[in-house]
Amino acid sequence: MSLIFFGDIAFSAYAQQQRKKAAQKKEETYTRPAPTKPIKPVIPSQNRYQSDKVFLEYADSLYKLQPAWNDTTEKQIVTGNVKFRQGSLWMFCDSAYYYPEINSLDAFGHIRMEQGDTLFVWADQLYYNGDAKLAKLTNGPSESKVRLKDPSGELLTDTLDYDVDLETGYYGCGGLLKDDVNTLTSIFGQYNSKTKDAEFFYDVELINHKDNFSLLSDTLYYNTGTHMARIDSPTDIYGPNDTIYTSKGWYNTQTGNLDMIHRSIIIHKDSLGRATTLEGDSIVYDNSTRISRAYQYRDITKLGQPTIITDTANKLILISGFGMYNDSTKEAFATEYPLLKEYSRPDTLFLRADSIFTYIRQDTIRVPKFYPERFVKEPFTVDDFEYLEWDYDDEDMLAPISQEEMKSLLATMLNVIKEEHTPKEPEQIQDISESPQIPDSTNVADSIAFTESIVDTDSIIVNDSIAISDSIAIPDSIVSPDSIAISDSISVAEIAELSTDSVVPVRPAPSQSQASTAPQNQEEEVEMLIKEIRDYHVAKAYPRARFFNQDIQGVADTLEIYENDSLMYMKRKPVVWNGERQVNGEEIILHFNDSTVDHALLPKTGFMAEYVDEDFYNQLSGKKMEAWFEDDYLKRLYVDGNVQVIMLPMENDSSFNKLVDAESSYMTVDLENKQIEKIKMWPEVTGNTTPLFLVKKAQKYLPNFRWLDAIRPKRTVIDGVIRWDDELGEVPEPLEQYFAQ
């Protein structure tokens, strides 16, 4: 059996060997025919631009991995200059895992995505789902940041989720978006490269490289094409000199303009750190002109609050329905029930009108070396806004003054300073203070004597009635001993000729020590002037203006306050009240020294009245009036032209039993310790004295007498807090009628 088995094997091997030899012999004799055309590899026919399929376009090498027993997904490894495409989206990398069956890939090293010819993304790793068209990109060794770039801006982050269809990238671990104007950072954010819209959330910061502004917020919407930022949460904006607080609005980072539609605040600071604040329900800020416009809500569904402009340097608060502030020129304008509060004094001064305008005027001051306290302003021009309307006869006085006129005026003032400052009086002055008792007759001699009783008694006429002009000054805290008196530097006639915006010298007379060191001639004084430039605050209120504080109240169609002169000009139907006193005329000029009035001038006509009892009033009128105050009280009164007086002298028992009326051309009253020291009326005095029971109604009042208490600003005290009836801004009907006449 064994021999037979091995024999069969040997035979089979021999037969197989013979067959191979025969096959080789036959192959060697076969000749293959030559091809008729070149042979090229054929790619399977398929639309490689279809948007739902990811295609491998190129790779230096490809390896197909045998799937595991429990995984049927085909997996290919591609390396070297790898290129994928899905529709218009191209993806480049160093190597990748490609899953053609599930239409996705994982790419590594020098990732670059291109969508169209405008969007580019760089990363170190890419995980792409072709069915959802979602890409997840991360940074790594080849790219320290994921970068998404288009013509408008560039987004940088560590991890980016990108939606190919929406062309939007999302990040949640901190990102930065920059364009040619701004750099924006946040914790969370997204950017649409098609619409150029970006959204930022949490710890948002915008740095404007154009204007050096920075913005801090929790929510911000931004467009890289328009450079517009939409604010929708509490936001702080900081500039070189400005700080802005808002919670809703738009910020044009290209122009620097802001449109804020929720309660907002703008703080402007000057080079000295002094701040001016503008607050309003809605604010429009123009960066090119530095003008801000603030509005109060008009929508009844919103709780509107007034606009507020606060000038900390000049201690002013301007409240209104509409406010405008120019930070370049330091001008402020308010309308819609504006209220100006001047709080530099212990008793806040309130100012009301239909419109209030304030600004800073820079003047060149010429300070004489020998009289440092004195100054004279250089010529200047007044630049009024187009909305300021003037209808006064003295408008031409606003023109600049020539150097020759200035030098002449200066020389005149230097002369006046050296002269006696008491008004000149004729030799035939009748001293009323030396007259006998008041008779009931009407002859001139007897009428002159009526003031004896005024001087000798403690009547109201002595303490108050002749001091009716005190109502011009009014406060109980009037003037310090070193107050500036206009009459000490220039005559009454000269003062009357000076307009509001012309040269108004206001200075004290030189002391003896100063006079001893003064030069010997005027020319030498003029040459020794030292020039300085100073800023002064000016406020104008018009029309139907009124001011008030605890001591003094007044109304006029136009009020002008000049800080450099410490003067208040009241024009067209001015009236001033203090206590029971009232003064009115064509124009009133008040000079303030700190919180008090130390000088008052009625340059055209003046009328003073004081309520006594029932329908009786002490009254004084004249063509021109001037009063000086010291230590809160009237020191001197001067009446020039057409002097008319009606008085009720108080008897020793504090009763009134007669009425005195008198007329003359001039009148002076000197007081000491609130008591009349001397009264003079000249050159002629006429008048009479009438018992009260014989006084007729026509005798009680001077021709132009009007008691205007109905239009006087009033106040009430509630729980110790002063509330002004006019503080709400509504114009009382009597005041409307008064200015309409």
Out of Tyr49, Tyr30, Tyr58, sole residue that is at negative phi, modelled with pLDDT of 90 or more and open to solvent by 90 Å² or more (accessible area, probe 1.4 Å)
Tyr58
Considering only residues of the stretch 247-274 that are open to solvent by less than 10 Å² (accessible area, probe 1.4 Å), of a type outside the set (Gly, Ala, Ser) and over 18 Å from Gly225 (Cα atoms), which is modelled with the lowest pLDDT?
His268
All but one of (1) among the polar types (S, T, N, Q); (2) touching a Phe, Trp or Tyr at 6+ places or on another chain (Cβ under 7 Å); (3) farther than 30 Å from Phe739 by Cβ; (4) at pLDDT below 90 hold for Asn704, so report the exception by its number.
(3)
Among the residues that make up the stretch 106-124, is at least one of them charged (D, E, K, R) and surrounded by 18 or more Cβ atoms within 10 Å (Cβ to Cβ)?
yes
List the residue pairs whose Cβ atoms are under 6 Å apart, where the first residue sits in the stretch 157-173 and is in contact (Cβ under 8 Å) with a residue 60 or more places away in the chain, the second is assigned to a loop (DSSP other than H, G, I, E, B), and the two are 6 or more positions apart or on different chains.
Val164/Lys133
Residue by residue through the stretch 125-146, note down the ones that are more than 19 Å from Phe55 (Cα to Cα) and surrounded by fewer than 23 Cβ atoms within 10 Å (Cβ to Cβ).
Thr138, Asn139, Gly140, Pro141, Ser142, Glu143, Ser144, Lys145
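Residues are listed down the side, and each one gets a yes or a no for (1) outside any loop (DSSP other than H, G, I, E, B); (2) open to solvent by less than 30 Å² (accessible area, probe 1.4 Å); (3) modelled with pLDDT of 95 or more:
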site	(1), (2), (3)
Cys173	no, no, no
Leu177	yes, yes, yes
Asp180	no, no, no
Leu206	yes, yes, yes
Asp211	no, no, no
Leu216	yes, no, yes
Tyr222	yes, yes, yes
Gly225	no, no, no
Asp236	yes, no, yes
Does Asp131 satisfy the condition of being at pLDDT 95 or above and either in contact with a Pro (Cβ under 7 Å, 6 or more places away or on another chain) or not in a strand (DSSP E or B) (or both)?
no
Please go through (1) in a loop (DSSP other than H, G, I, E, B); (2) modelled with pLDDT of 85 or more; (3) not β-branched (Val, Ile, Thr) for Ser654 and return the number of the only condition it doesn't satisfy.
(2)
If you check every pair at least six apart or on different chains, which have Cβ atoms under 7 Å apart with a residue in the stretch 285-303 that is open to solvent by 70 Å² or more (accessible area, probe 1.4 Å) first and a residue that is among the aromatic types (Phe, Trp, Tyr) and in a strand (DSSP E or B) second?
Tyr295/Phe322
Report, ordered by the first and then the second residue, all pairs with beta carbons closer than 9 Å, sequence separation of six or more or different chains, a first member in the stretch 593-610 that is more than 16 Å from Phe629 (Cβ to Cβ) and assigned to a loop (DSSP other than H, G, I, E, B), and a second member that is at pLDDT below 85 and open to solvent by 10 Å² or more (accessible area, probe 1.4 Å).
Pro603/Val492; Pro603/Ile495; Pro603/Ala496; Pro603/Glu497; Pro603/Leu498; Lys604/Ala496
For Arg581, the lone unmet condition from (1) closer than 26 Å to Phe739 by Cα; (2) modelled with pLDDT of 85 or more; (3) not β-branched (Val, Ile, Thr) is (2)
Would you pick out the residues in the stretch 313-327 that are modelled with pLDDT of 90 or more, open to solvent by 10 Å² or more (accessible area, probe 1.4 Å) and assigned to a loop (DSSP other than H, G, I, E, B)?
Asp327
Would you mention how many residues in the stretch 275-304 are more than 16 Å from Tyr238 (Cα to Cα) and either outside any strand (DSSP E or B) or hydrophobic (A, V, I, L, M, F, W, C) (or both)?
16
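The values are calculated or read from the model by the stated rules, or taken from the named source; none is laboratory data. The structure presented is a predicted model; accordingly, all values stated were derived computationally and were not measured. Cβ: placed from backbone, ideal geometry, glycine included. Neighbour counts: every protein chain shown. Each accessible area value is taken on the protein alone, full model and side chains, heavy atoms only, with ligands, DNA and RNA left out. Shrake-Rupley method; radii C 1.70, N 1.55, O 1.52, S 1.80 Å.
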